[in-house]
Amino acid sequence: MLRIRKISNPYLGYNLSAMSAVREILSGQFPELWKDKIEKLDEQLVNPLKFKYQSFLLVAENIHETILGFALMKYMPDLHFCFLDFIATLPGKTSSGVGSFIYQRIREEAASLNVTGLFFECLPDDPELCRDITFLEQNKKRLAFYERFGARPVINTLYATLVKPEDDSPPYLMFDSLGNQVPLSRLKAKKIVRAILERIYPDYCPPEYITRVVNSIKSDPVSLRPFMYRKKINTSSFNPDISTKHKIFWIINDKSSIHDIHQRGYVESPVRIPHITTELEKTGYFRTGKSSEFPDRYILAVHDKKYVDYFKKVCNNLKPGKSVYPYVFPIRNSARSPKELSVRAGYFCIDTFTPLNRNAFIAARAGIDCTLTAVNELLSGADSAYVLTRPPGHHAERFVFGGFCYFNNNAVAADYLSRFGRISILDIDYHHGNGQQQIFYDRNDVLTVSIHGHPSFAYPYFSGFPDEKGEGPGTGYNHNFPLHEHCTPDEYRKTLAKALKIISQYHPDYLIIALGLDTAKGDPTGTWKLAINDFEANGRMIGAMKLPTLVVQEGGYKIQTLGRNARAFFDGFVSARINPGNKKVSMAVNNES
């Protein structure tokens with residue numbers, strides 16, 4: 001598995017090692033590069049006003065989080081163009097496809113900014129410009145590589161001329177139109193070339209050299225070198241595929257159906273998934289993906305190993321169709337727990353109605369893989385992702401399961417993402433998100449917010465009070481909004497606005513939504529009466545945050561309206577993110593539930 005993620009804050013603990021790897025690649029691949037330019041890399045990312053451009057650093061890393069390559073791109077919004085400063089891979093990775101993967105992502109990033117095009121430099125393949133003929137073949141391969149994407153040298157200018165007599169191989173100025181068929185005008189090109197030479201090379205190119213190069217641009221529109229390395233030209237292939245970039249990455253837990261409790265009144269049933277899927281497939285908002293496998297260490301970062309081992313072992317030992325319900329709840333002693341597996345269920349559980357069976361572990365474990373796959377999509381640049389999974393997870397704490405929940409998907413995602421920035425979890429299930437609260441109660445890198453039925457009447461009854469604010473370093477980073485039994489939709493939206501204001505003031509880099517649809521009218525586990533238009537409004541308010549967002553499915557048990565409510569939520573969510581002026585995108589909603 002290879003992913004490309006953007007580094008915006010080079011000073012985060014996790015990014016320090018990535019920045020070190022980038023500098024190492026820079027030094028190895030560009031030994032002639034000025035040392036101070038490498039040292040200024042951090043500052044370029046955080047101080048765009050000083051340099052008159054915004055820098056984007058994208059790193060390619062494998063599943064072991066080893067940096068395999070990177071690209072540094074500058075965006076100059078005043079002239080509406082991008083300049084690719086560096087693209088490099090680890091030695092030995094040049095033929096592995098990593099470079100192509102990175103360049104494709106750079107093109108997508110530039111195209112999403114609606115720029116005139118992407119400019120960069122490439123060493124010449126002309127023997128008259130390159131004295132050292134040993135580099136000619138390598139230069140030809142690079143130019144052939146870029147031609148595959150439609151990028152070619154700008155010709156009939158003095159750009160490829162030496163700044164100093166002792167220099168060699170003056171670079172071509174390359175232009176990638178990103179599939180844009182509008183020719184590059186002479187006036188636009190002159191402004192762009194001046195900006196490149198003045199801002200990228202302020203200490204190297206003297207003013208008279210810059211003026212001479214700029215004035216040499218005579219053609220209008222600017223001329224590009226004919227294709228030399230491509231036999232067949234298909235200009236449509238030059239368009240970067242950004243049509244899917246803003247679609248929601250959607251992953252469905254394909255193991256959810258095997259966890260089926262054949263018991264009258266058990267509402268957390270497999271039928272929930274197809275009811276939601278059927279409605280969401282009609283929208284066109286999503287692009288579906290398949291899950292990858294992730295090691296247990298991500299689970300063990302938030303769940304106690306003794307609990308995880310017990311959960312796995314007891315499920316493996318149960319016969320198909322056999323379920324164990326907790327019925328003995330000993331006062332927990334860190335040194336001792338009941339030896340009998342069936343009795344020990346109460347040691348690790350908070351209620352009597354969450355069973356263990358052979359498939360519970362398999363389904364819950366698959367949910368973690370789905371969630372982390374979606375997280376990787378966010379880190380790779382996706383705007384949003386949705387994990388449709390069951391069993392749910394937000395009641396699972398570090399040491400215990402309950403409330404139909406075994407592994408806390410939200411917490412695993414938040415802990416993983418916290419290495420890359422500030423995280424906020426907003427739980428909008430009818431029931432308190434006690435799992436996230438307990439796991440992050442003493443941490444200040446994950447803000448937890450929950451809107452739920454008051455614990456005086458709503459499960460889990462023992463947590464979710466407004467005075468639970470966190471402890472130690474986490475004080476002030478947990479917020480509960482318990483609402484009364486017959487809360488109206490208008491009251492709910494006012495509370496949601498308060499919660500979103502707290503999140504906004506926290507300035508998270510990523511937002512996780514624990515999406516409960518059990519706030520709906522008639523839900524067998526709730527008392528509120530949210531209708532389709534209310535879910536659309538809630539989705540719109542959350543979407544308006546415009547944050548990279550992971551939505552994880554939690555509750556929602558009124559099958560008759562479950563799919564329509566999910567669709568309404570995403571109608572609002574999408575409309576706020578891509579078309580904020582319109583309240584509806586594809587669906588006329590009403591007050592029916």
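Details
- Filter result for G381 (surrounded by fewer than 16 Cβ atoms within 10 Å (Cβ to Cβ), of a type in the set (G, A, S) and either closer than 30 Å to S8 by Cβ or at pLDDT 75 or above (or both)): no
- So N239, is it among the polar types (S, T, N, Q) and modelled with pLDDT of 95 or more: no
- Near pairs, Cβ below 6 angstrom, 6+ apart or cross-chain, from the stretch 135-162 (on the phi > 0 side of the Ramachandran plot) to any residue that is part of a helix (DSSP H, G or I): G150/F238
- Considering the stretch 1-13, and only residues there that are surrounded by 14 or more Cβ atoms within 10 Å (Cβ to Cβ) and farther than 12 Å from L57 by Cβ, the residue that is farthest from the chain's Cα centre (by Cα) turns out to be L12.
- Subset of the stretch 259-277 (residues that are at pLDDT below 85 and either surrounded by fewer than 16 Cβ atoms within 10 Å (Cβ to Cβ) or not in a loop (DSSP other than H, G, I, E, B) (or both)): H262, Q263, R264, G265, Y266
- Qualifying position, being in contact with a Ser or Thr (Cβ under 6 Å, 6 or more places away or on another chain) and either β-branched (V, I, T) or at pLDDT below 95 (or both), among T525, T495, T561, T519: T561
Quick grid of which residues meet (1) outside the structural domain of N234 (by TED's automatic domain parsing); (2) over 20 Å from P240 (Cβ atoms); (3) buried (at least 16 other Cβ atoms within 10 Å of the Cβ):
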residue: P127; (1), (2), (3): no, yes, no
residue: C130; (1), (2), (3): no, yes, yes
residue: T134; (1), (2), (3): no, yes, no
residue: G150; (1), (2), (3): no, no, yes
residue: S169; (1), (2), (3): no, yes, yes
residue: S177; (1), (2), (3): no, no, yes
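- Condition met for F404 (over 30 Å from Y285 (Cα atoms) and out of contact with any strand residue (DSSP E or B) (no Cβ under 7 Å at 6 or more places or on another chain)): no
- Elements of type helices (runs of 4 or more DSSP H) in the stretch 9-59, at least 1 residues being in contact (Cβ under 8 Å) with a residue 60 or more places away in the chain: 13-29, 48-51
- When we screen I513, I532, I502 for residues that are assigned by TED's automatic domain parsing to the domain that holds R272, surrounded by 24 or more Cβ atoms within 10 Å (Cβ to Cβ), closer than 29 Å to Y461 by Cα and touching a residue at least 40 places away in the same chain (Cβ under 8 Å), the only hit is I513.
- Criterion violated by S450 - all others in (1) in contact with a His (Cβ under 7 Å, 6 or more places away or on another chain); (2) within 16 Å of H303 (Cα to Cα); (3) among the polar types (S, T, N, Q) satisfied: (2)
- Odd one out for R297 among (1) surrounded by 14 or more Cβ atoms within 10 Å (Cβ to Cβ); (2) free of Cβ contacts under 8 Å to residues at least 60 places away in the same chain: (1)
The values are calculated or read from the model by the stated rules, or taken from the named source; none is laboratory data. None of these values were measured; they are calculated from a predicted model. When we count neighbours, we look across all protein chains shown, and the Cβ atoms used for this are built from the backbone with ideal geometry, even at glycine.
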